[in-house]
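The structure appears below as structure tokens.
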Amino acid sequence: MRSGQDLELVHLVKRYGDTVAVNDINHVFLNGSYVCLLGPSGCGKSSTLRMIAGHESVSEGSIVLDGSDISALPPAQRGTAMMFQNYALFPHLSVRDNVAFSLHMKGVDKPTRHKAANELLELVDMSHLADRLPAQLSGGQQQRVALARALVTKPRVLLLDEPLSALDPFLRIRMRAELKRLQRELGITFIHVTHGQDEALALADEIVVMNNAVIEQAGPARDVWMAPRTEFVAKFMGGHNVISLEGHKIALRADQVRIADTGLPATVTAVEYQGAHVALTAMTPGGEEIVALVPEADFFAMPKQTGEAVSFVWDEGRVHRLLA
Amino acid sequence: MRSGQDLELVHLVKRYGDTVAVNDINHVFLNGSYVCLLGPSGCGKSSTLRMIAGHESVSEGSIVLDGSDISALPPAQRGTAMMFQNYALFPHLSVRDNVAFSLHMKGVDKPTRHKAANELLELVDMSHLADRLPAQLSGGQQQRVALARALVTKPRVLLLDEPLSALDPFLRIRMRAELKRLQRELGITFIHVTHGQDEALALADEIVVMNNAVIEQAGPARDVWMAPRTEFVAKFMGGHNVISLEGHKIALRADQVRIADTGLPATVTAVEYQGAHVALTAMTPGGEEIVALVPEADFFAMPKQTGEAVSFVWDEGRVHRLLA
Amino acid sequence: MAMSRHVSGWLQAAPLTVVLGGFLIAPIIMIVVVSFWGATEYSIYPAFQFDNYSYLFGSAVVWKVFLATFKYALITWVFTLAIGFTVAYFLAFHVRSQAMQTALFLLCTIPFWTSNIIRMISWIPFLGRNGIANSALISWGVVDQPVEWLLYSDFSVILAFVHLYTLFMVVPIFNTMMRIDRSLIEAAVDNGASAFQTLRHVILPLTKPGIMIGTIFVVTLVMGDFITVRFMSGSQKANVGRLISNDIALLQYPSAAATSVVLLITVLMVIGILLRFVNIRKEL
Amino acid sequence: QEIKDITLRQFGTGVSNLNEVGQKVKEDLGFNLEMTALDSDSVTQRAATQPDSFDIADIEYWICKKVWPTGNLQAMDTSKIKNYDKIVGIFKSGKLTPESVIAQGTAPHSVGFVEGPGSTTFAKEETGWMTLIPTIYNADTLGIRPDLIGRPIESWTELLNPEFKGKASILDISSIGIMDMAMVCEAMGEIQYADKGNMTKEEIDKTFAIFTEAKKNGQFRAFWKTFDESVNLMASGEVVIQSMWSPAITAVKSRGIPCVYQPLKEGYRSWGGGIGLSKSLTGMELDAAYEYINWYLSGWVGGFLMRQGYYSAVPETSKEFMTADEWGYWFEGKPAGGDITNPFGDVLAKAGDTRDGGSFYERMGHVACWNAVMDENQYMVRKWNEFIAA
Amino acid sequence: MEKRPLSFYVLAVFFGLFVLFLYGPTLTIGILSFQGPGGGLTFPMQGVSLHWFRELFEQQAVGDIWGAFRRSFVLGLMVMVTTVVVSVMAGLAFRKRFKGSAVLFYMAITSLVIPSILISLGVGLIFNQLGLKVHWATSGFGSQLTWTLPFGLLIMFAVFNRFDKSYEEAARDQGATHWQTIRHVVLPIIAPSLIGVALFGFTLSYDEFARTLLTSGSYNTLPLEVFGMTTNVTTPVIYALGTLTTLFSFGIIGAFMLSVWIAGRRRARLGSDAGKGV
Ligand SMILES: Nc1ncnc2c1ncn2[C@@H]1O[C@H](COP(=O)(O)OP(=O)(O)OP(=O)(O)O)[C@@H](O)[C@H]1O
Ligand SMILES: Nc1ncnc2c1ncn2[C@@H]1O[C@H](COP(=O)(O)OP(=O)(O)OP(=O)(O)O)[C@@H](O)[C@H]1O
Ligand SMILES: [Mg+2]
Ligand SMILES: [Mg+2]
């Protein structure tokens, strides 16, 4: 639901010399929503985020928060806060002082700012390590401190640039649950840049898929995944086959493709075990690749080898026609 | 099948001062198999691999290849070759010279060694870039060169330490297919260290799960995933719930848990959209967490919110009792 | 394995050890030994006497000279630090392109390639009673008499020191600054720090190692100097180095050696204290 | 071995260690003479400590007093010196003329002879074995900038006159400087020295006390250590009165800046230099060295040096290498008939100019003391260091 | 282009002044070296000419500039080569944390901070007492090394701190011997830094004064000669020399930069699509 407090990008452009990093994008980030900016490397995600944060000047267009154009304000006055990819914790300050840094800068006295910092450390469950230096923390712990530090300014919008990419897969999954929980509790807008579609799907209320400096598709996570508009989105979101059918490109979910006795003939080119499923890649006579995600029990009941001939079927209703 | 040419670790121990990085492990790597060493950070995977490669001395025990103890031999004489995580391509040498390096060291003359290098570059499809320097290659290209360089010594065992971790997710999936293809073609043993269980499942003939300097479980990928022996393995491999049932810890696959009207009652704590599925996390009255992986169509037919009460059921036959 | 590591380490370190042994340790030992010797007009003879030291510690002038040496070191340090830090800060944080940074940095290092002595004496025509500075000041009407203290004074000595040694401050500070993660600055700005607060609370603390290394260079160079003080003060001022060089010139080696020993101990103590604040090997 | 392969290594101060001499030696004698110029402290140091680094030492007599006892030099047989008889008396008996009074300080003759080869103590009179063969000497006084002072200067006391506060200078070579100081203190009537060339500790203390006081009051602009520093100080106007060496005056004058080598009523402070042979010289090299010495005294060098304002040890032979006008101006104190140039072609005096201080006999006849090394030298050196550091 | 904050302009002016301060004397010398034949060491200029440069190439009244230059150049090269070799070896050694490395490290630090004149004095004394001749190529050479080696070593620390050990492991894996690894992998990779060490070693030696003062023997090195000239020469010849040595230094830096640039171009010609994916 749109409200007066949304963050809005209006004809936003970013140029670095001749490179156009962000090309005239328009978008409304609903207040209190968790938005993931998704896209391949170099598509302009960070540039967009950094313009919102105020760390990069706006070449053209404007950024409107709460009805007023913030694009000329200094970072600290925008009502946004940023959490950096490598966390950017001040290495010479203790965890508590890191969190209290912005209050210190405002001239808040020590007891008050330490109290405020402690509260936030409590929130991210880091009170017990408040006196450590950042170098003495693990990646996940550092991330929480960075989060606490970003939140201490009571931002309206929290910006996160690939916050999970420095963590190992195990921790990544745990931390993403925490991010989500925190966003729910605080009720503020999170804008989270990532190039992992699983991360975006898991977290986002809304996914914004960028490519080549423009927004290819934006919408609720499920809409994007269920109905990719373009071939790019379909491929990038994963789990989809893009094949030509009757002169049109269509997207077909891999988990909807079944092996049958008749159907589209194909030759198995790879078999990848994925735990609950087996991904069976096969080549059609037309030279297109199709992946079928077969439940492992079904697969092992009738295993296929590379080189074997198979036939694929799917429900017609599952076919989704692509725009481009 | 065991053959005389297997690689065998016998009571292998590695100590760094007081730290025991590898604690008395025994394992047979079957000749020609693709083995993944899987485990959390710091569990001793790299140490094991580096002892096999000869880059780390063996504190105790021995490494037997082809029936003879190689643990005292210099790296180049072991019949092993290593591919490094950051590829360690010599930055001052062209791609071809990188691949030809070991032959150069042996004193092979230029035409001969270049010919050999070209053959391997052909194999990894990099012939067209043979004159470039490593800095002029993308990550994926560098990886192929590193592979070619490791293979030029005609090793019996190729050791790979997190070979895919420097690549972005998209590329990672493509390169892992190539690794698998190559291993099949060459028919030599690959020992691949990773901490991604999806990677291990997709690639490995055999998975060796390490934890705390010991091997927790080893076996074919499907066995490990279907029948984790310990709680640690069950949790680490993912997709499993570990709950207490009748005084025993059991593992239960998340995709086998269904929502029903009666059954184990629980309260939803998180809903994570994953594309084809939705991961529903809930808390049992006993304080245990259960994840149900619900096909998205089913879920959205009857969506659940955080805080809602649900009941879970599963087929008794799917319960798998854990050792510890 | 462990054994061979030490042995090959020793072999590789041997040349360095030999050079330092022969041209650093042996000379120091020699100086210590000779500091107990006696001297005639033209020669020195082995002895074991404390005359040189008792004279050294007994002379008020010597104490004053040590004090002056510290004074020069301290004042020079303050100026080189202030200037060096500012210059490095400008280069590291205000110059945007790396090519420009390198170019400007090289620009600063080029004068370093002209002989120190020549650079030093070229201040003389500038600062003299009828030098450019005074002519300019008079023609602008700032003063009507030549300013005497521009040359052959503490001012000119320190000016020359600052001129010669500021670069030794700029380089390590610049080096440390360049290694500060830029996102830390953004994080500070994001947290509402003003440019000055960022400088004070983030950049300055993180630049400390560079400052320490620069300090080590400047302090030791100034404390060991003997030629700048002589030239720039017209022989009117003295520091410990001059005391030593005068003694050497007059063949009073034992006395020079005794002064040297005291100077060496002083310098090593100062450096020892500074090294407590920085791990040089890590900071490079 | 042929004579042309021989190379003799000579070192000394920039005053007389000139490359022209080396070239002329090559022309006239056929062998090589390598010249290294150093400041006077380094000269002493090298003569005393590095006997192998030279064949010929071009040093001053007071330096000789320090260096000779080290045994680094060998005595020279005067019978091999052709012009020995023509060497002026100052270097043999100490007397310029039979009636002269011997001045205080380290007079050249007092360190000019030893009993025989190998002897390390000086003889009282001529023995036939010379330590140094005299080459060059002069009478020094204060140099002034008449244009900036604007009144006559007559006494050494003017050096400490507060009128010249911040505009005076002396040289920073202890053995020479102390003598200038002594001249000043004696002229001021503050101290009566028994022998300025051999002061007692009390005399030394008193002398330094007076000068240290002056230094602290800012009397001195700078101290100089070499000839050219003094030239620069004077020429740039940093200093208007200072102890100075004769050719330094001419150097200032040659830039068109007025400068006078002011004769003072208390007399001159004099110095002399000579060449000595390294202990290690033997055989053909030694012969070549004697040949060089004889050549040195045979006039060309003398003329060369005298035309720069120094005196030659054998003036007679030098006369042949000077024009009558030059001889008249430099030696006899007569007004110049035409432009007087130095060997490098710089004009040092115009027609009608006379030399400051007059003729050879007027100048060398008024020597009050010689640069000296005294018995309390080490004590003096320490005090000197303290003075410089004060 | 983005707008710069005011502080940028303030600092830019400060930096400009600093550069002026650095170059002022060099420029003064530069200008004064073009004095007319009648000119002195100070302003005002008395005409403009190349007289003093010509003079520089003629025999001076005293001293031997070109001999000194030659010696300094040779000595600089000697020191340069030795510094590179010894500091690389020591750098390699220090990576191993061998026994006694801490002591050696503190020795190197001492060598760096010890007042130069003490080295001069000590080495002079030793040679003297042992009855050895001091000579620029022996005692002078050794004394200069005590100054250049610690610098070289520190640079090597910096280099090896950033050196990825896996290059060596890869080489060992490929069958390279210890020596081959150094020769074919380590040295080529650190070569650019070695050029830096070499340049540094050469300059430090070429400019070294205090440590050579009592250790160079009969023949002066260039800085000693210049020092001698400051006391023996009253003409702008000394400035001409200064100007010339500065230009000489520029030449060396220029040649160095040119070679780096050419190397860079040669690589660039081979093309690159790094970062474009597979
Ligand atoms: N400071 C800069 N100067 C010049 N070009 C830049 C700059 N920053 C980014 N770019 C260019 O702008 C484009 C977009 O960059 P951006 O960092 O926004 O991409 P991204 O989507 O964040 O990529 P990644 O996933 O790799 O972080 C790229 O082509 C990049 O090369
Ligand atoms: N050179 C070393 N010196 C001391 N301890 C070491 C060294 N290398 C590894 N260790 C320790 O040995 C243990 C195992 O390290 P290892 O590198 O084998 O783990 P890993 O499984 O490869 O972890 P990761 O996934 O983080 O690479 C860790 O506790 C580590 O800290
Ligand atoms: Mg980015
Ligand atoms: Mg590892």
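The values are calculated or read from the model by the stated rules, or taken from the named source; none is laboratory data. Computed from a prediction, not measured in an experiment: that's the story for all the values here. Don't worry about glycine lacking a Cβ; one is built from the backbone with ideal geometry, like all the others, and counts go over all protein chains shown.
Out of all the residues in segment B:200-213, is one or more within 16 Å of ligand 4 (Cβ to nearest atom), buried (at least 20 other Cβ atoms within 10 Å of the Cβ) and facing chain A (nearest Cβ under 10 Å)? Scanning segment B:200-213, I find at least one residue that is within 16 Å of ligand 4 (Cβ to nearest atom), buried (at least 20 other Cβ atoms within 10 Å of the Cβ) and facing chain A (nearest Cβ under 10 Å), so the answer is yes. Just one of (1) among the hydrophobic types (A, V, I, L, M, F, W, C); (2) over 13 Å from the mean Cα position of the chain (by Cα); (3) more than 24 Å from A:Q141 (Cα to Cα); (4) surrounded by 24 or more Cβ atoms within 10 Å (Cβ to Cβ) fails for A:L158. It is (3).
Considering segment C:32-42, the residues that are out of contact with any Phe, Trp or Tyr (no Cβ under 9 Å at 6 or more places or on another chain) and facing chain E (nearest Cβ under 10 Å) include one that is farthest from E:S87 (Cα to Cα), namely C:V33.
Per the conditions (1) among the polar types (S, T, N, Q); (2) away from ligand 3 (no atom under 16 Å from the Cβ); (3) out of contact with any Phe, Trp or Tyr (no Cβ under 6 Å at 6 or more places or on another chain), the sole criterion not satisfied by A:N212 is (2). Taken over segment A:110-133, the criterion of being over 19 Å from A:P155 (Cα atoms) and outside any helix (DSSP H, G or I) is satisfied by A:D125, A:M126, A:A130, A:D131, A:R132, A:L133.
Selection of first residues in segment E:185-196 that are at the interface with chain B (Cβ under 7 Å from one of its Cβ atoms) and of second residues that are among the acidic types (D, E) and in a helix (DSSP H, G or I), restricted to Cβ pairs under 7 Å at least 6 apart or on distinct chains, gives the following pairs, ordered by first then second residue: E:V185/E:E168. When segment A:180-199 is limited to residues that are within 15 Å of ligand 3 (Cβ to nearest atom) and away from chain B (no Cβ under 11 Å), the one that is surrounded by the fewest Cβ atoms within 10 Å (Cβ to Cβ) turns out to be A:V193.
Residues checked against (1) within 18 Å of D:P152 (Cα to Cα); (2) modelled with pLDDT of 90 or more:
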residue	(1), (2)
D:S246	no, no
D:K253	no, no
D:I257	yes, no
D:I275	no, yes
D:K279	no, no
D:G283	no, no
D:A288	no, yes
D:E291	no, yes
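Restricted to segment C:1-58, the set of helices (runs of 4 or more DSSP H) holding at least 1 residues that are modelled with pLDDT under 85 and closer than 30 Å to E:M78 by Cα comprises C:2-20. In segment B:99-108 there is no residue matching the filter, namely being hydroxyl-bearing (S, T, Y), within 16 Å of ligand 4 (Cβ to nearest atom), touching a residue at least 40 places away in the same chain (Cβ under 8 Å) and more than 21 Å from B:Q197 (Cα to Cα). Scanning segment D:52-99 for residues being crowded, with 18+ Cβ neighbours inside 10 Å, of a type in the set (K, R) and not in a loop (DSSP other than H, G, I, E, B) gives a total of 2. Here the condition is being more than 30 Å from A:D168 (Cα to Cα), more than 16 Å from ligand 1 (Cβ to nearest atom) and not assigned by the TED database to the domain that holds B:N211; of B:R78, B:R96, B:R2, B:R113, it holds for B:R2 alone. Of all residues in segment A:67-107, those being on the phi > 0 side of the Ramachandran plot and touching a strand residue (DSSP E or B) at 6+ places or on another chain (Cβ under 8 Å) number 1.
Within the set D:L233, D:L264, the sole residue that is touching a strand residue (DSSP E or B) at 6+ places or on another chain (Cβ under 8 Å), of a type in the set (A, V, I, L, M) and at pLDDT 90 or above turns out to be D:L264. Restricted to segment C:64-165, the set of helices (runs of 4 or more DSSP H) holding at least 1 residues that are away from chain E (no Cβ under 12 Å) comprises C:98-109, C:132-139. Screening C:T166 with (1) within 28 Å of the chain's Cα centre (by Cα); (2) surrounded by fewer than 20 Cβ atoms within 10 Å (Cβ to Cβ) gives one miss only, at (2).
Note on segment B:27-84: residues that are over 26 Å from B:S102 (Cα atoms), surrounded by fewer than 21 Cβ atoms within 10 Å (Cβ to Cβ), modelled with pLDDT of 90 or more and within 13 Å of ligand 4 (Cβ to nearest atom) amount to 0.
Suppose we keep only residues that are within 16 Å of ligand 3 (Cβ to nearest atom) and more than 26 Å from A:V64 (Cβ to Cβ) within segment A:142-177. Which one would you say is nearest to the other protein chains (Cβ to nearest Cβ)? Among them, the one singled out is A:S165.
The sole residue among B:D315, B:D298 that is under 13 Å from B:R253 (Cβ atoms) and surrounded by fewer than 19 Cβ atoms within 10 Å (Cβ to Cβ) is B:D315.
Each row is one residue, and each column tells you yes or no for (1) over 20 Å from D:G256 (Cβ atoms); (2) under 22 Å from the mean Cα position of the chain (by Cα); (3) not in a strand (DSSP E or B).
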site	(1), (2), (3)
D:Y296	yes, yes, yes
D:F304	yes, yes, yes
D:S318	yes, yes, yes
D:F321	yes, yes, yes
D:Y329	no, yes, yes
D:K334	yes, no, yes
D:G338	no, no, yes
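Between D:G256, D:G237, the distinction of being surrounded by fewer than 24 Cβ atoms within 10 Å (Cβ to Cβ), more than 12 Å from chain C (Cβ to nearest Cβ) and on the phi > 0 side of the Ramachandran plot belongs to D:G256 only. When you scan segment E:214-251, how many residues do you find that are out of contact with any Lys or Arg (no Cβ under 7 Å at 6 or more places or on another chain), within 8 Å of another protein chain (Cβ to nearest Cβ) and not in a loop (DSSP other than H, G, I, E, B)? Selection size over segment E:214-251: 15. Scanning segment C:134-163 for residues that are touching a residue at least 60 places away in the same chain (Cβ under 8 Å) and of a type in the set (A, V, I, L, M) yields C:L151, C:V157, C:I158, C:L159, C:A160, C:V162.
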